[in-house]
Each structure stands twice: as C-alpha cells, then as structure tokens.
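Below is one structure; the comments refer to it alone.
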Amino acid sequence: MKETKFGVILENACRLAGRDPSCSVIPASWTVLAEMAIGAGIRNLAAEKFPMMQRIELRRFRPDWNNAVTYQEGQEVWHNERYWRLTDANSPGEPGVADGWRLLEMNEVVPFVNWEQPWENTVIDSAGIDTTRFAYEKDPKYFPDATPLRVVRVTDLGVMLETPAPKEVYCRFIPEYPVVSFSAYDNQSSYSAGAVVYLASTKDVYQLLQDEPEGAPGVDPKWQPIRIREEFAPYLTRLAACEFLTEDQGKYQTRSAADAECERLCERYHEGIGERRMPRGRFV
C-alpha cells in the first residue's frame, strides 16, 4: 500500500499554481488555505466510502468494568463476556460477585455504537459509514455473505442497532482522519497528545500520540507520521492548488479537474467492483 506525504501534496499544489517551493518560501496564507482544502477533500473522500479507506473492527456497547472507577446507580459495564447494570451504588464491587450488579439480557441492552468510544483506539468518521452494511454478527471479511444488522437510528453521537443485538458486533467504517496542519514544529514549544505539526525536512505531517515527547518528529516514535493513500494525492493536490489561483489563472478549471479526478476514483473503486452509486454516498 503506497502512501503520499502531505508535504509533497502541498509542494505539488504550489507548482501547479506556478510557484516552485524549491526556489521560494510558501506563503503562510497558502498553507492555511491548503489545510482547509485538504481537510474538506478528506471529508469528501470519507463520504464516498472508498473500500480501501474502510476497516472492520469488533465493537461492544459498553466499557469494560474497572475496579478503579466509582460507578453510579444505573451505569452499565461489560465484564466476563456479559453486560451488567449497577442497581445498588452502596454495593458496587465486581459484577457477578457483588450483589449490587444485575446481569442484563440482550433485549435490555441498548445496542448503541458511539463514534468515539473511550475504550477503543479508533474514532469512527460519522460520514464514513454506510447504514445498509455497518454492523454484522460475523466478521464480513471471512463471511462475505453475512447479513448486515438493521440500523434503527443515526445520531450526532453514533449508531443505534435493532434490539436485541449480539453481545459484540463487527463494524465496517472509515476511521476519523486527523486534522492536517502545516504549522511548523518548534522544538521550544510544549506539545500534548493529539498535537499536529509539520516538519519541512521530511515533508511529513506528524501527530503526537502521547504527552511529553522525548524528541522531535522523525526521532521520537511518539510522533506518528500522517499520510494518505497515493491514489488520492492527485485529487487533493488539485483541490489545494485551486485555492492558490485566481479566476484568470484557471481557478475553476482546476476545481473541475479535481472533481473529475474524484469521479474517476469512484468509477474505479466502486463501479469497477460492480457497485452502483446511490444518493448520499450509498452503494449497492
């Protein structure tokens, strides 16, 4: 799987707009415009639900029980392959051992998958799901004929499935992409987890995975490079370039070329595998 660095996309967009970054400094206003254009482009790619952007993960509806957490009456947890509800806050203890917890049947569990679940590493992009084939009882990678579970509702927080649902479900989705930033890394600045910076020497955008990095991006593994599939680079490059151009310089022609590139990608990766485009980014 080949990937492209976002710094390469930025520089190629500048060249497309008639400015050679090897001979002149990229204006700060251009980097801001590029950030916004690339961000919008990535959101559009997620909405198109390209197969190579998707992943399948096993998800639960409640967090693991944690002995260090003080639970309130009515809270629900996952423990020993079952769901439990605290009915007596005066007797929390361990589910299945203490009297304060009641074992739940699956018809009592609201099967809701949050976009962002603190007990999971990956955030789901709300634009990157197809409700007609979002959740499965069996892993669709190994059971391609598996029937998708029925989605009842999509909210600002996540997806509700039909009750009763399996204890765990395999979800097909596109992960939420980190925000691309071309703000230069400064070794005198303090950064916390989630920070995104740009290192011109490597042309890479990096995201900090943990607090208190011990070194610079490219040296400290706490800094993870953020890249994009090579197939999407021409589309994002044109999107960024059209922000640098005036109407007389071909702004709208470049935008049309970007849109045409997106259509070509859809033809190749959806229609090319026998899918038919439907409204709202759905495919059948």
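The values are calculated or read from the model by the stated rules, or taken from the named source; none is laboratory data. In this text the structure is predicted, and so the values were computed from the model without any measurement. Heads up, the Cβs are rebuilt from the backbone with ideal geometry, glycines too, and the neighbour counts pull from every protein chain shown.
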Over the stretch 107-122, the set of residues β-branched (Val, Ile, Thr) and either surrounded by 18 or more Cβ atoms within 10 Å (Cβ to Cβ) or at pLDDT 95 or above (or both) is Val109, Val110, Val113
All positions within the stretch 219-268 that are touching an Asp or Glu at 6+ places or on another chain (Cβ under 7 Å), touching a residue at least 24 places away in the same chain (Cβ under 8 Å) and not aliphatic (A, V, I, L, M):
Pro225, Arg227, Arg229, Glu230, Pro234, Tyr235, Arg238, Cys266
The lone condition Thr147 fails out of (1) touching a helix residue (DSSP H, G or I) at 6+ places or on another chain (Cβ under 9 Å); (2) over 22 Å from Tyr83 (Cα atoms); (3) surrounded by fewer than 19 Cβ atoms within 10 Å (Cβ to Cβ); (4) not aliphatic (A, V, I, L, M) is (1)
Total residues in the stretch 236-267, condition of a type in the set (A, V, I, L, M), closer than 18 Å to Gly18 by Cα and out of contact with any strand residue (DSSP E or B) (no Cβ under 8 Å at 6 or more places or on another chain):
6
Consider Glu76 against the criteria (1) within 26 Å of the chain's Cα centre (by Cα); (2) surrounded by 13 or more Cβ atoms within 10 Å (Cβ to Cβ): it satisfies all of them except one. Which criterion is unmet?
(1)
Starting from the stretch 69-92, take each residue that is in contact (Cβ under 8 Å) with a residue 40 or more places away in the chain and list its partners that are surrounded by 18 or more Cβ atoms within 10 Å (Cβ to Cβ) and part of a loop (DSSP other than H, G, I, E, B), counting only C-beta distances under 6 angstrom and pairs at least six apart or across chains.
Tyr83/Arg62; Tyr83/Val109
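Here is a yes/no grid of residues against (1) closer than 21 Å to Tyr177 by Cα; (2) among the hydroxyl-bearing types (Ser, Thr, Tyr):
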| position | (1), (2) |
| --- | --- |
| Gln207 | yes, no |
| Pro234 | yes, no |
| Thr237 | yes, yes |
| Thr246 | no, yes |
| Lys251 | no, no |
Restricting to the stretch 93-115, what's the tally of residues that are within 23 Å of Leu157 (Cβ to Cβ) and in contact (Cβ under 8 Å) with a residue 40 or more places away in the chain?
9
Could you list all residues from the stretch 184-218 that are hydroxyl-bearing (Ser, Thr, Tyr) and not in a loop (DSSP other than H, G, I, E, B)?
Tyr198, Tyr206
Does Val32 satisfy the condition of being part of a helix (DSSP H, G or I), more than 27 Å from Trp119 (Cβ to Cβ) and among the β-branched types (Val, Ile, Thr)?
yes
Spot the failing condition for Tyr191; the list is (1) under 25 Å from Met52 (Cβ atoms); (2) in the same structural domain as Ser22 (by TED's automatic domain parsing); (3) free of Cβ contacts under 8 Å to residues at least 40 places away in the same chain, and only one is missed.
(1)
Within the stretch 40-73, residues being assigned to a helix (DSSP H, G or I) and surrounded by fewer than 19 Cβ atoms within 10 Å (Cβ to Cβ) number 6
Hey, can you tell me all the residues within the stretch 200-226 that are surrounded by fewer than 18 Cβ atoms within 10 Å (Cβ to Cβ), at negative phi and not β-branched (Val, Ile, Thr)?
Ala200, Ser201, Leu209, Gln210, Asp211, Glu214, Gly215, Ala216, Asp220, Pro221, Gln224, Pro225
Output the strands (runs of 3 or more DSSP E) that fall wholly within the stretch 85-183 and possess 3 or more residues being within 15 Å of Glu57 (Cβ to Cβ) and not small (Gly, Ala, Ser), or say none.
169-173
